[in-house]
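Worksheet: one structure, shown below.
The values are calculated or read from the model by the stated rules, or taken from the named source; none is laboratory data. Every value quoted in this text rests on a predicted model; they were computed, and no experiment measured them. Neighbour counts run over all protein chains shown; Cβ positions are idealised from the backbone, glycine included. Heavy atoms of the whole protein, side chains included, go into the accessibility calculation; ligands, DNA and RNA do not. Shrake-Rupley method; radii C 1.70, N 1.55, O 1.52, S 1.80 Å.
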Amino acid sequence: MTHTPTSADPADASGVARFGYRESFERTTGRFASFAVAFAFVSIATGIFTTYGSVLNSSGPLGIWTWPIVVIGQLAVALLIGALAARIPVTGYAYQWVSRLANPVLGWITGWVSFTFLAIVVSAVDYTVAATVLPALFGFQGTPATAFLITATVLVLQAVLVGLSTKWTERVNNFAVTAELIGMVALVALLLIVGVIAHKLHVGNLFSTGDVSPENYWSFGTATSAGPWMLGFLLGAFTIVGFESAANLAEETKRPEVVVPRAMWQAVLASGVLGFLFLLVVTAAVSNPGELAESGTPIADVIQDILGSFVGTALLVLVAIAIFACGLVILMTGVRLVWAMSRDERFPGWQVLRTVSPRFKTPLNATVFMTVVAAAILGLFSTSTDALFKLFSAATLLPAIIYAITVALYITKRRRLPRSAGFSLGRFELPIIVVAVVWLVFELSLFRDASFRDPWLYVLVMVVLGAVYLGYLLVTRGTRGLRMPEMRSIDAELDEAATP
């Protein structure tokens, strides 16, 4: 494995030559574009629209109060990940961090888990358009076959953008994020004003369990099931994820050691505050929580009831735009991860996938590969009647595992990490660590519920496939063959930091 770093401007702290790589991309991503990438992946419009009905079924309206707790926990995680991103601003995010600061084998495992997450979550997000949004928007009855065809079409459109132009991908995403921000703020204001004037807000809903039995409502559950209120945490756990996607564009971002960490925590905070305000007014506007829980588009139903069919239709259009942008960013993130692991010659088919198109300046081959894998996963899940739930369940479980690995790495290495001029937690580091650990332990405990059996099976199958390939790499190269390129630079920094 050979890497010939080019000389980097010493004044440029963002250069990747010090990590053993050539500059393969143009640095065109600015502050708003970086924030937009993180915000689009989180996509409160997508997450709330998709999972609100499930929360009404499992936890009732009272389940929305889990949201602030999730936001606090994920904000702590984002701050810790930001501290790593500022120190190693290289494409490949968790794969790069774990490989360089722990060991390449654990780094490879983390990268593979990240790949399995991104491959399934892009299918899950795009499937939402076909399974719920478009049928409600155009008034037709969807089938597994039509859902697959529509999702595949959306996936191909996203792949065309990602594969042919990063600049246009960011432009489309910037527009979508701007529309989502403006649209969500407008909806909160309109629902509140019209709801108050029309006397359609029911504050009692905010403290009601709906049709969910209050008996053992606050219970943690059993060894194989989570209590009703506990399941409400899945609303935020599915939505407030993916903020670290900004770190996977580090090699294309201007001053990533400053811009990327800020984009991550700002995306979590903005999504958390705006999302909770939206949940409060929507839930207060519900006339019959039990009946609404049976709807496939509960958010649209509430808005149509309060604001009329025109605004309800406009919401569906807004959600469709947000979902498209969310899937677009997820696909771009997965492509960059595949390319980064292939650049280090440790991803299946790396000989083809590590190239950057000289014409389009994008990892075109990796884009095609990621699109085909996502379509294959979609094909496997779409034959099921509850495909959407299974896809989202797996897409909620996997990031929790990735975050746990990354936070554990940060805790282990934090005293030896070199200083970063771009981002520092300072005296708040310890309390942030405590919050992140408590949250992640609790979040992972939710996935003991029997409803997550199929997602765990997906994880197991993908881990086995990864283990087979990892075994092949270890047999053919040995552990030294998996070392990251030009480790001397960061090793020297670590050794210097550890010297009293």
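The table for this structure:
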| read-out | value |
| --- | --- |
| Residue-averaged 222 nm ellipticity for the chain, from DSSP H runs of 4+ at -39500 (n - 2.57), nearest 500 | -22000 deg cm²/dmol |
| The chain, accessible area per residue, ligands and nucleic acids excluded (1.4 Å, Å²) | 39 Å² |
| Using alpha-carbon coordinates, inclination of helix 67-87 to the longest axis of the chain, degrees | 10 degrees |
| Degrees, to the nearest 10: 488-498 long Cα axis against longest axis of the chain | 80 degrees |
| Relative contact order [Cα under 8 Å, 6+ residues apart], the chain, whole percent | 32 percent |
| Pairwise label distance in nanometres, residue 442 with residue 213, each label 7 Å out on the Cα-Cβ vector | 2.5 nm |
| Angle between the chain longest axis and helix 453-477 axis [Cα atoms, degrees, rounded to 10] | 10 degrees |
| Of all accessible heavy-atom area on the chain, the percent that carbon and sulfur account for (1.4 Å) | 66 percent |
| Answer label, with mean projected area of the Cα convex hull in nm² calculated from the coordinates and candidates (1) 31.6; (2) 22.9; (3) 25.4 | (2) |
| Positive-end residue of 74, 342, 321, charge dipole of the chain with Cβ unit charges | 342 |
| Total lysine pairs under 30 Å (Cα atoms) in the chain, excluding pairs fewer than 8 apart on one chain | 4 |
